[in-house]
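Just below is one structure, and these are the notes that go with it.
Only the coordinates and a few stated rules stand behind these numbers; no lab work does. Quick caveat: nothing in here was measured; it's all calculated off a predicted structure. Here Cβ is always computed from backbone atoms with ideal geometry, including for glycine, and neighbour counts include all displayed protein chains.
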Amino acid sequence: MLKKAVALLLIIIAIYLSFYALIPHTISSIDSEDNSFSTERALIHLKEISKQPHYVGSENHETVKNYIVKQLEVLGLETQIQEGYAFTDWETFVKSKNVLARIKGSDNSKALLLLSHYDSNSHSSYGASDAGSGVVTILEGLRAFLSENKTPKNDIIILISDAEELGLNGASLFVNNHEWAKDVGLVLNFEARGSGGPSHMFVETNEGNKNLIKGFKEANPSHPVANSLAYSIYKMLPNDTDLTRFRKDANIDGFNFAFIDDHFDYHTALDTYERLDKNTLEHQGSYIMPLLNYFSNANLNTLKSDTDDVYFNVPLFKTVSYPFSWIVPMLIFAILIFCALVFYGINKRTLESNEMAKGFLPGIAAVIINGLVGYFGWKLLCIIYPQYGEMLHGFSYNGHAYIWAFSLFSLAVCMWLYSKVYKPENTASLAVPPLLLWLLICGVVAFQLKGASFFMIPVYFGLISLFVLVRQKRPNIILMTLLLFPLLMIMSPFVKMFPVGLGLKMLIASTLLVSLIFSLSISVFGFSRYKNRWAFILFAVSFVFLLLAHFNSNFNEERPKPNSLVYLYDADKDASIWATYDHVLDDWTKSFLTDNPDKAEDLHYDTFSSKYGTPFSYSKKANIKPLNVAYIDKQKDTVIGDLRHVKLFITPQRSVNRMEFFADLNYTFLSVNLNGMKVEKPMNDISVFANRKNNRLFNYHVSDEKYLEMEFIIPAEQKTEFTMYSLSYDMLNNSLFDVPERPKTMIPKPFVLNDAVIVKKTIKID
């Protein structure tokens, strides 16, 4: 009994260590050595940077830019501002103001580039985590590096980019227009998609990662969180960072370092100095110092590779890697060992065919039941708690409680199902079906998702456990538990990572992973005669977490409700409406939309730029306000042959933050020039906007120039019509409106147009 208690304690310790090792747990003080990173020193900068929202075009945007310039100059660096327009594949056109500096190295070789962005998301985010944390990581890292007065081998370029939130425009401007871009050999990019948790390393490369991973391991960061599965998934998602522009436009490799927990703060008014996890900032610091010291002196010309490595992190060993070329041989070797052990066990009569067949039932049942619970459970919760739908992130404030609840419920299901086939003297037979299932998964992974091939490591330890079980009917339970350590330490963090990173709709990943981890742990749990009791205890604890989630499902000052409201004036119809993206209205929005709002179906045609393509849900007729309508001056309209050359000069005649343009998908634009910048055509297309997925042409984010000069060439016979929206984020402080501030229990909804005054106008080229 004592040994079983020790075994259970060891399992808990292994799981605990798998999470504990992911992130530093002490904060470096302001009195830290000059040549070491100090989180408290970095926080001084962050407090200044995140005082107010500082999106492109805002007054505070310029203030933050000037602060960064001053701090780089305090470090003795000569700075420059790269200013210019860029049009990106996000359909955004904006003038960016990149902050640049350069440290000269001793060798005329490739340069190391440190990258983060200083603009916050429009219009309410304070940008403390995203990406104020990245900016201050670089500032403090540079201070510590320069304090030693050592000349690095490689030049170090500092790029604090602009307009990342709008479409990676600042990075695009640098990569495609700055003379330093050709010198860059490697990029270290510091980002955030939440306000806490460990920082994950993601490799960005068009080629093999072998030499990049080799360099990362040699740099030896203290708390690496990196695995090839995460990057394989990252590449499948519509998520880009500034580093993407370097990879796509210039084939420059790099590392992203981004934390993703507390996702509910991302791009919201909650992205503040106070809510940033200080341990997370310490984690960013633990990356920049060893990597800056290593890669500033490494040969950056040798990082390209035509081969890939599988890599993963594990406590004590940090980052482990091996070549993709090992994947299939490791799989074949494991299959051969498995077949040999099964054959040996049957001959030795320690494996029984009937018992092995029975062993398939609980494992398959657990996967099916827990898979269904994970898939439909969250859908059911969203029906019970419709307010969760207002959080477009897909991760509610009580999301961590749900991860606990679903994971413990899945574990309880496994315990209960395996209790039905309890026969401790035949645990060996029960261990065979899970190994076969894991081998099948590894077989699929080997050809379809190679980045996940480190799943084979726990399988090898499972094969060792099977060998022990075949040889001994009553093996040492402590030994069997220690053989589970690789499984628990490698796989446990993924139970949390998937729903945190991809939203609670991915709770199915947690429930399935728990099922698979437990199945491979049957070499220990198979000896327990009390699995049924454990099942009921776990069911009860999971219910407690559901109750905790329930009592924290409401909105309050700590967990404010995201809501939205805009005012739209249609100048063509001389009519106005209030509109919202919300599906659950509150008192603040109802005061404008009433208890009986109209469905906003007629507003679905033109969807404003947003991460999720979210359309308006409700609208209500509003009083017309005396808003100035944009002035459109047709400066040129000439037909030459079968082509029509048009030049428009557009001034909003009021203070606006952006202009969005929509036109029929069938229109052809042979050439487009915006404010003197030619918009390039997509490759192999004759029309500039050929790759559009909807009616949006582009959105112009206003900064210095309050006008838009638009020249284009179209077929002469084409009757072209634009819908133009001029948007300002001043609804709450516009003297024409009487919209009160939100209660403290509410915040502006992120990822959508919000608190905006919109004027719609049609432009016809007959």
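Quick notes on this one:
- Distance from segment 519-577 to segment 208-253 (C-alpha centre basis), Å: 31 Å
- The dipole here belongs to segment 23-314: it is taken about the Cα centre, uses +1 on the Cβ of Lys and Arg and -1 on the Cβ of Asp and Glu, and is about 520 debye.
- The order of ARG474, ARG658, going from fewest to most other C-beta atoms within 10 Å of their C-beta, is ARG474, ARG658.
- Fully extending the segment from SER232 to ASP572 would add 117.6 nm, taking 0.36 nm per residue of separation and subtracting the current Cα-Cα distance.
- At an R0 of 35 angstrom, the distance between the Cβ atoms of ALA340 and ILE12 translates into a FRET efficiency of 0.55.
- Pairs beyond 18 Å (Cα-Cα), from LYS4/LYS473; LYS636/LYS764; LYS3/LYS496; LYS636/LYS706: LYS3/LYS496; LYS636/LYS706
- Using the average count of surrounding beta-carbon atoms within 10 Å as a protection proxy, the listed peptides 78-84, 496-502 rank, highest first, as 496-502, 78-84.
- 0 to 90° range, to nearest 10: angle between helix 507-520 axis and the chain longest Cα axis: 20 degrees
- Simple spin-label estimate for LEU479 and GLU73 gives 7.0 nm between the two label positions (7 Å along the Cα-to-Cβ direction from each Cα).
- Each principal axis of the Cα cloud of segment 347-389 was evaluated for its coordinate range; sorted largest first, these ranges are 60, 11, 9 Å.
- Modelled spin labels at ASP642 and PHE737, positioned 7 Å past Cα toward Cβ, are 4.8 nm from each other.
- Between TYR530 and ASP306, the FRET efficiency from the beta-carbon distance, with R0 = 51 Å, is close to 0.40.
- Full extension of the chain segment joining LYS47 with TYR631 gains 206.1 nm, where the gain is 0.36 nm per residue of separation less the Cα-Cα distance.
- Which of ASP162, ASP253 has the fewest Cβ neighbours within 10 Å, and the rest in rising order: ASP253, ASP162
- The long axis of helix 59-74 is offset from the longest Cα principal axis of the chain by roughly 70 degrees.
- Label point 7 Å beyond Cα of PHE360 along Cβ direction - residues of segment 450-488 with amide nitrogen under 16 Å: none
- Pairs of C-alpha atoms in segment 23-314 farther apart than 24 Å represent 45 percent of all such pairs.
- Segment 559-766 gives an Rg/Rh value of 1.00, both radii derived from C-alpha positions and Rh following Kirkwood.
- Computed from Cα atoms, the angle from the helix 456-471 axis to the main principal axis of the chain rounds to 10 degrees.
- Counted by neighbouring Cβ atoms within 10 Å, the residues GLU191, GLU741 run from fewest to most as GLU741, GLU191.
- For the chain, the Cα gyration tensor yields ellipsoid semi-axes of 50, 32, 25 Å (square root of five times each eigenvalue, largest first, whole Å).
- Measuring r between the beta carbons of VAL541 and LYS450 and using R0 = 45 Å, the FRET efficiency lands at 0.75.
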